[in-house]
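A.B. asks: Right, I'll just put the structure down here and ask away after.
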Amino acid sequence: LNLAAVNDLDFPDRPRFPKDVLDILVESSMAFEEGPLQHSVKEALANIAPTGKYLLPSPRLPYGIPADAELVVDGNLLPVSLETPTQPDHKRVALVVLDFKDLTLHSTVPTGCNALRSRLLRKLGYAVLEVHHTEYDAKEPVLKKVKYLQQKLQICVKNLGSL
C-alpha cells in the first residue's frame, strides 16, 4: 500500500501506514489459495516453461505481493532458466489467475485488491500475465490452452521495457 501511495499520489511525503498495520492488511486481504483453475493454468504453462527450471510456482515476490507463478523470458518469448543471470532483453513475468471471486459482478474487472496487485507488479517491472476464468476453459485440449497462454504472454510482454 505504501508503494502504491508513493508512486501514485501527489503528496508522497505524507505519513505512511505503520509496518504492523501493513502486515495485517497484507496477510488478511492478499491470501490467495490455489484452486482448480490456477492448477490447470500452471499445468498448461508448464508445457511452455517446465516447472522448477523455468517456472517458479507460488513465488515470494517483493513486498509480499502474491502471484501464482513467475518466469523469465527472452526477446523471442522463450523461457530462460531461473538460475541464469538476467540479460537486457530478459523480461520477468508474473502469472495472475483471476477466478470468479477475483472479478467484480457483471463485468470482468478485477476487484480492488487484485487490481492493486497487478498495478504493483507492473510498477516493480513485471509483465503481468492475467488469465481470467471467463477466457480460459480448463476443459479445452492442452494444445488450445497452451496457444492461448502463448498469445497472452506475447501481449503482456509486448510493450514492457527490459529488466
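A.B. asks: For Lys42, which lysines qualify as cross-link partners when the Cα separation must be under 29 Å and same-chain residues fewer than eight apart are set aside?
C.D. replies: Straight-line reach from Lys42, under 29 Å: Lys53, Lys91, Lys101, Lys123, Lys139, Lys144, Lys145, Lys147, Lys152, Lys158.
A.B. asks: Quick check on segment 61-116: take the gyration tensor over C-alpha atoms, sort the square-rooted eigenvalues as a ≥ b ≥ c, and tell me if it's rounded (a/c under 1.5), prolate or oblate.
C.D. replies: Because a/c hits 1.5 or more and a/b exceeds b/c, segment 61-116 counts as prolate.
A.B. asks: Taking the beta-carbon count within 10 Å as an exposure proxy, list Ser107, Ser81 from fewest neighbours to most.
C.D. replies: Least crowded to most crowded, the residues run Ser107, Ser81.
A.B. asks: Right, here's the next one. Return the distance in nm (one decimal) between the two label points of a simple spin-label model at Glu140 and Arg60, each offset 7 Å from Cα along Cα→Cβ.
C.D. replies: Distance between the two pseudo-spin positions: 3.5 nm.
A.B. asks: Ratio of segment 78-163's C-alpha Rg to 2.2 N^0.38 Å, to two decimals?
C.D. replies: Dividing the Cα Rg of segment 78-163 by 2.2 N^0.38 Å gives 1.19.
A.B. asks: About the Cα centre of segment 33-158, what is the dipole size in debye to 20, counting +1 per Lys and Arg Cβ and -1 per Asp and Glu Cβ, all else neutral?
C.D. replies: 280 debye
A.B. asks: Let me ask you something else. Where the centre of each part is set by its Cα atoms, how far does segment 106-151 sit from segment 41-82, in angstrom?
C.D. replies: First find each Cα centre; the distance between them is then 14 Å.
A.B. asks: For each of His106, His133, His90, count neighbouring Cβ atoms within 10 Å of the residue's Cβ, then give the residues from fewest to most.
C.D. replies: His106, His90, His133
A.B. asks: Lys53 to Gln151: extension gain in nm, 0.36 nm per residue of separation minus the Cα-Cα distance?
C.D. replies: 33.1 nm
A.B. asks: At 0.36 nm per residue, minus the direct Cα-Cα distance, what do Asp20 and Thr84 gain on full extension? Give it in nm, one decimal, please.
C.D. replies: Additional length available on full extension: 19.5 nm.
Taken together, the values in this text are just the output of simple stated rules run on the coordinates, not laboratory data. Quick caveat: nothing in here was measured; it's all calculated off a predicted structure. Here the Cβ is made from the backbone with ideal geometry for all residues, glycine too, and neighbour counts use every protein chain on show.
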